[in-house]
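Structure, as structure tokens:
The values are calculated or read from the model by the stated rules, or taken from the named source; none is laboratory data. Worth saying up front: this structure is predicted, and the values here are computed from it rather than measured. Here the Cβ positions follow ideal geometry from the backbone for every residue, glycine too, while neighbour counts run over all protein chains shown.
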Amino acid sequence: MSFNIRNIREISNEPQTKFINQLAKKLSKFLTEQEVEKLEGKEDIYSNAEDVESIIKHHTFGSTKYFDFQTMYYPPVEPDGDKVTCWVKGDNIGGTVNDISGFANHGTVNGDPILVDGAPFDYGIHTGGNKSIALRFNRPTSSLENQEYIIIPDAVNLGINGIATGMSYFIRFKLGSIVEQNGWGRTLFEKVDDNTPDNAIRVLVADTGRITVRIKRGGTQYNSQTAASTIAAGTVYEVFITYAVSGNITHVYVNNVDKTLSDPGTSTNWHGDLSNHDLAIFARGVFSDNGRVYGDLYDYMIYREKVVSAAEVGYHFTNKWTIGNIAYGHVLVSDYWATYVEPAQAAYTTTGYTTVGYNT
């Protein structure tokens, strides 16, 4: 179908109408010039329209897998629908990171983090392409540097308040810098459960490379720190932090090593608005403008009412997925898929070839 746009409203040839039309054009031009003169820059425009920003991000990450149909796979402990109350992975750049624990503790992604190749870390589920990916926060080239973090809304099953046995936390990360951000150590995660707070946790990396853990339960604070140079920029770390109610004992395992801990002394260091009880990852609480992490997030997990044992930490470090005793590369990953790659077949040679039994 075609039509002439002139036919929609054709200007009359009647002299008076043509005169009025021309007069309206001149008046409109005159008024526009007056408005333009008011502008500081003549390239500016007036508009009542709503500004809309949009962006398209394109990534070329790809992984392949050769299935030999002989490898045995075994289901992991997590998610278990009980102790693991939160498990988020740095594997997407949408507005939300999904909680794959089954407890729907989904996180909101703030800022503009990007996906990056997680090398050299290898989950053991790919045989080709990218062996892992991670979500990079607060890169120096970001227009939202030091405004990027994850917030998970407050929930009873995320907090220390009311526990009887203990808590365990797992985080896999790589830092781009350990230099203090705006005067504060880089906070891996923090959560307060009440306004005082009487129940809270904050884990940070100091500029000395120490991991500092501050746990507060029932109004009493327990403080622990590793030795200096435990953490360095540019290295992937797998860290388990466990806290047992019995004896109020904290352990910090770094890459399957149970670190010797010392007491750094009590300090509050909680975020400013203590009425907000959300869990913050890579930030010192909601809206804090200091202690942000420049680095990559792979995984973050909470085991509530479970003190993960040293043996279980070792199993997880071996297979990269679960505290169950499963070998590397044998963990059954739900909803996983990858392109099937057929290995190259050996080329035909005449070595050992005979005509016995050969029929043309």
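Assess whether Ser47 counts as being farther than 30 Å from Val307 by Cβ, under 40 Å from the mean Cα position of the chain (by Cα), at pLDDT 70 or above and polar (S, T, N, Q).
no
Being over 29 Å from Phe121 (Cβ atoms), crowded, with 22+ Cβ neighbours inside 10 Å and touching a residue at least 40 places away in the same chain (Cβ under 8 Å) narrows it down to one of Lys191, Lys216, so name that one.
Step by step, each of Lys191, Lys216 is checked, and only Lys216 is over 29 Å from Phe121 (Cβ atoms), crowded, with 22+ Cβ neighbours inside 10 Å and touching a residue at least 40 places away in the same chain (Cβ under 8 Å).
Tell me which of these Phe287 doesn't satisfy, since it passes every other one: (1) within 22 Å of the chain's Cα centre (by Cα); (2) surrounded by fewer than 22 Cβ atoms within 10 Å (Cβ to Cβ); (3) of a type outside the set (Val, Ile, Thr); (4) under 20 Å from Met167 (Cα atoms).
Single failed check for Phe287: (4).
Among the residues of segment 275-311, how many are under 18 Å from Tyr123 (Cβ atoms) and out of contact with any Phe, Trp or Tyr (no Cβ under 8 Å at 6 or more places or on another chain)?
0
Of all the strands (runs of 3 or more DSSP E) wholly in segment 175-251, which have at least 2 residues that are farther than 23 Å from Val293 by Cα?
Because the criterion is at least 2 residues that are farther than 23 Å from Val293 by Cα, the strands (runs of 3 or more DSSP E) in segment 175-251 that meet it are 220-225, 236-244.
Condition first: among the small types (Gly, Ala, Ser) and more than 19 Å from Gly285 (Cα to Cα). Now tell me which residues in segment 148-182 satisfy that.
Scanning segment 148-182 gives Gly162, Ala164, Gly166, Ser168, Gly176, Ser177.
Among the numbered criteria (1) without any contact (Cβ under 8 Å) to a residue 40 or more places away in the chain; (2) buried (at least 20 other Cβ atoms within 10 Å of the Cβ), which single criterion is violated by Leu158?
Only one criterion in (1) without any contact (Cβ under 8 Å) to a residue 40 or more places away in the chain; (2) buried (at least 20 other Cβ atoms within 10 Å of the Cβ) is unmet by Leu158, namely (1).
Checking the structure you have, find out if any residue of segment 62-71 is farther than 30 Å from Phe103 by Cα, modelled with pLDDT under 70 and part of a loop (DSSP other than H, G, I, E, B).
The answer is no; no qualifying residue exists.
Evaluate the following for Tyr149: is it farther than 25 Å from Gly314 by Cα, buried (at least 20 other Cβ atoms within 10 Å of the Cβ) and touching a residue at least 40 places away in the same chain (Cβ under 8 Å)?
Here the answer is yes, as Tyr149 does meet what is asked.
Hey, can you tell me all the residues within segment 105-137 that are in a loop (DSSP other than H, G, I, E, B), within 27 Å of Tyr315 (Cβ to Cβ) and not β-branched (Val, Ile, Thr)?
Asn105, Gly118, Ala119, Pro120, Phe121, Asp122, Tyr123, Gly124, His126, Asn130, Lys131, Ser132 - these are the residues of segment 105-137 that are in a loop (DSSP other than H, G, I, E, B), within 27 Å of Tyr315 (Cβ to Cβ) and not β-branched (Val, Ile, Thr).
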